[in-house]
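Engineer: Pasting in a structure now, in structure tokens, and then I'll have a few things to ask.
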Amino acid sequence: MRAALVRSFIALVALPGVGIAQNGQPVTPRSELMAHFDMSMRKVVALAQAMPESAYRWKPEPAAMEVGQVFAHIANYNFGYLSGNMGVMLPAGIKRDTLEAMRNKAQVVALLTRSMEYVKQSVAAMPAEQLEKQTQLYGRTVPQWAVLMQLVAHMNEHLGQSIAYARANKIVPPWSG
């Protein structure tokens, strides 16, 4: 059953277009993944901007990540999945081992924005064949499109965490009114 599901998804990825988006462009697995990435990443950036600088060192309990670290962690993995699992060159000046120490709001928001643009530009420039090439992801051999799925899932996990952190600090997510 699982193998049939995987084959169906691979066939779907290989199709040049499976529908038409509102902008008249074909809907492809890449365009859908990137639409989800863009929508969620814009929320992450908006929430990072809405949180006061004073909250960037807040955390709900001693073992949890601080607000600023969660946002920096999202950016770190945006860079990391593409560079570490898909062979995309990191932008100049990005040193992944130092990113999660950032707590300055302006720097973290800029880092999030830079990571968003890195992902969007890198994925847009990838030939379709690259998404089918095999790579390693958490000890498994997977096609590179699976890395993009993991990137979106990872980001959404931490977006949810960030929403909870914001609400605990009496900040209403900007998109929810």
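Engineer: Find all pairs meeting these conditions: Cβ atoms under 7 angstrom apart; at least six residues apart or on different chains; first residue within the range 136-153 and within 22 Å of His73 (Cβ to Cβ) and in contact (Cβ under 8 Å) with a residue 60 or more places away in the chain; second residue polar (S, T, N, Q) and assigned to a strand (DSSP E or B).
Structural biologist: From residues that are within 22 Å of His73 (Cβ to Cβ) and in contact (Cβ under 8 Å) with a residue 60 or more places away in the chain, the pairs are Val147/Thr135.
Engineer: Just the residues that are of a type in the set (Ser, Thr, Tyr) and in contact with a strand residue (DSSP E or B) (Cβ under 9 Å, 6 or more places away or on another chain), please, taken from the range 63-97.
Structural biologist: Of the range 63-97, the ones of a type in the set (Ser, Thr, Tyr) are 77, 81, 83.
Tyr81 - this is the single residue of the range 63-97 that is of a type in the set (Ser, Thr, Tyr) and in contact with a strand residue (DSSP E or B) (Cβ under 9 Å, 6 or more places away or on another chain).
Engineer: Kindly indicate whether any position in the range 129-147 is buried (at least 18 other Cβ atoms within 10 Å of the Cβ), under 30 Å from Ser54 (Cα atoms) and either in contact with a Ser or Thr (Cβ under 8 Å, 6 or more places away or on another chain) or of a type outside the set (D, E, K, R) (or both).
Structural biologist: No, every residue in the range 129-147 fails to be buried (at least 18 other Cβ atoms within 10 Å of the Cβ), under 30 Å from Ser54 (Cα atoms) and either in contact with a Ser or Thr (Cβ under 8 Å, 6 or more places away or on another chain) or of a type outside the set (D, E, K, R) (or both).
Engineer: Taking only pairs six or more apart or across chains, which ones have beta-carbon atoms under 6 Å, a first residue in the range 110-127 that is over 19 Å from Ala50 (Cβ atoms), and a second residue that is polar (S, T, N, Q)?
Structural biologist: Val119/Asn78
Engineer: Select, from Leu137, Leu131, Leu111, the only residue that is in contact with a strand residue (DSSP E or B) (Cβ under 7 Å, 6 or more places away or on another chain) and on the phi < 0 side of the Ramachandran plot. Reasoning before the result, please.
Structural biologist: On the way: Leu137 fails: in contact with a strand residue (DSSP E or B) (Cβ under 7 Å, 6 or more places away or on another chain); Leu111 fails: in contact with a strand residue (DSSP E or B) (Cβ under 7 Å, 6 or more places away or on another chain).
Unique residue meeting the criteria: Leu131.
Here, each number is a calculation from the coordinates, and none is a lab measurement. Predicted, not measured: the structure shown is a model, and the values here were computed from it. Cβ sites come from the backbone with ideal geometry, for glycine too, and all protein chains shown count toward neighbours.
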